[in-house]
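Once you've had a glance at the structure underneath, I'll fire off some questions.
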Amino acid sequence: MIFETLWQAGEPVHSGRVLAVEFLNDGKRHQAIWFNEADAGQGGYFDAEGKTLKKAFLKSPLQFSRITSGFAMRSHPISGMWKQHKGIDFAAPVGTPIRATGDGHIEFTGSHGGYGNMVVIQHSGSYSTAYAHMSHIASGIKRGARIAQGDVIGYVGTSGWSTGPHLHYEFRVNDAARDPNSIVVQQTQSLAGTALQQFHRQVADIKHRFRLLSAEVTQLAAR
Ligand SMILES: [Zn+2]
């Protein structure tokens, strides 16, 4: 692992960002390299070929929760009607922060019938995600606002047609709710052009450092 160390007056103060990691498992080499394209603002981790390691969508909008109702046929808890549940329900206590599962911008925020307090995020391509039954929406979440993956957009509640505190999460393609586990989302952008050239130079340096490190480890092991 290669990471930053921050120094002050000749003393290491604390460790900073992880710049590169190499992990050998079952003879397979896994690498992650931090890269921040010049004047791009936001960096990320990539493999040695320059393919982003960031997933387009998080698996869950809540950090700790359990799924109480998946995307399947069920008898509706309030109406008793047998119909498709067009989303995934995550049980969690009132006030649990809800995270945006992908980058995008806010398309809807407010109260919306049975959904209660809801936020809808429009992502790139034809994808959008909806988060319903919130106790309240996070401050600064306004229509048109830009959102990054992991940003807190609201808090779990039981507003609208809900029988108890939970998050109803919908993954939509062209505004139609779909089972997120059945959708293969195309990977987010890989590096190209001058950014890729810049990245390759950085990777060459990192690989050189890893070689030096493993030589050192081999020497220590031989002692
Ligand atoms: Zn639901």
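Bear in mind that the values in this text are calculations on the coordinates, not laboratory data. Since we're looking at a predicted model, the values are computed, not measured. Ideal geometry is used to build each Cβ from the backbone, glycine not excepted, and the neighbour counts take in all protein chains shown.
Label region 93-192 by shape, choosing from rounded, prolate and oblate, from the square roots a ≥ b ≥ c of the eigenvalues of the Cα gyration tensor; if a/c is under 1.5 it is rounded, and otherwise prolate applies when a/b is larger than b/c, oblate when it is not.
It is prolate, given that a/c is not under 1.5 and a/b is the larger ratio.
Additional query: As an exercise, use a Förster radius of 45 Å and the Cβ-Cβ distance of Leu6 and Thr68 to find the FRET efficiency, rounded to the nearest 0.05.
0.55
Shifting gears a bit: Is it possible to state the helix-based mean residue ellipticity at 222 nm for the chain, with each DSSP H run of 4+ residues giving -39500 (n - 2.57), the sum divided by total residues, to the nearest 500 deg cm²/dmol? What is it?
My calculation for the chain gives -5000 deg cm²/dmol from helical runs alone.
Counting alpha carbon pairs within less than 8 Å and at least 6 residues apart, what relative contact order, in whole percent, applies to region 66-182?
Normalised by residue count, the contact order of region 66-182 is 30 percent.
Under a GNM of the chain (C-alpha, springs under 10 Å), which listed residue has the highest mean-square fluctuation: Val152, Val173, Val184?
Val184
Any chance you could tell me what percent of the C-alpha pair distances in the chain go past 33 Å?
Tail of P(r) above 33 Å: 36 percent of Cα pairs.
Toward the positive end of the charge dipole of the chain, about the Cα centre and with charges on Cβ (Lys, Arg +1; Asp, Glu -1), which of Gly114, Ser69, Ile183 goes farthest?
Ser69
Measuring from label point to label point, each 7 Å out along Cα→Cβ, what is the Ala148 to Asn181 span in nm?
3.1
Say we join alpha carbon atoms closer than 10 Å with springs in a Gaussian network model of the chain; which of Ile206, Ile121, Ile106 then has the biggest fluctuation?
Comparing Ile206, Ile121, Ile106 in a Gaussian network model of the chain, the most mobile one is Ile206.
Right, here's the next one. Which net charge results for the neighbourhood of Ser214, defined as the other residues with beta-carbon distances under 15 angstrom from its beta-carbon, given Lys and Arg at +1 and Asp and Glu at -1?
That sum, taken over residues with Cβ under 15 Å, equals +2.
Another question, then. Over all directions, how big on average is the projection of the convex hull of the alpha-carbon atoms in region 156-223, in square nanometres?
Reported value for the Cα convex hull: 11.1 nm².
Which angle between 0 and 90 degrees, to the nearest 10, do you get for helix 193-222 versus the longest principal axis of the chain when only C-alpha atoms count?
The helix 193-222 is inclined about 60 degrees to the chain.
Return the subset of Lys55/Lys83; Lys59/Lys86; Lys28/Lys59; Lys28/Lys51 for which the Cα-Cα distance in this structure is over 23 Å, preserving the input order.
Cα-Cα > 23 Å for Lys55/Lys83; Lys28/Lys59; rest within.
Work out the length of the dipole vector of region 66-182 about its Cα centre, built from +1 on the beta-carbon of each Lys and Arg and -1 on the beta-carbon of each Asp and Glu, and round it to the nearest 20 debye.
100
To continue, here is another question. Can you give me the Cα centroid spacing of region 52-66 and region 138-174 in angstrom?
After rounding, the separation between the Cα centres reads 14 Å.
Then there is this: Compare Phe64, Phe171, Phe35 in a GNM of the chain, Cα atoms joined below 10 Å, and give the one with the largest fluctuation.
Phe64
Same structure again: Taking the Cα centre of the chain as origin and charging only Cβ (+1 Lys, Arg; -1 Asp, Glu), how large is the dipole, in debye to the nearest 20?
So the dipole magnitude of the chain works out to roughly 400 debye.
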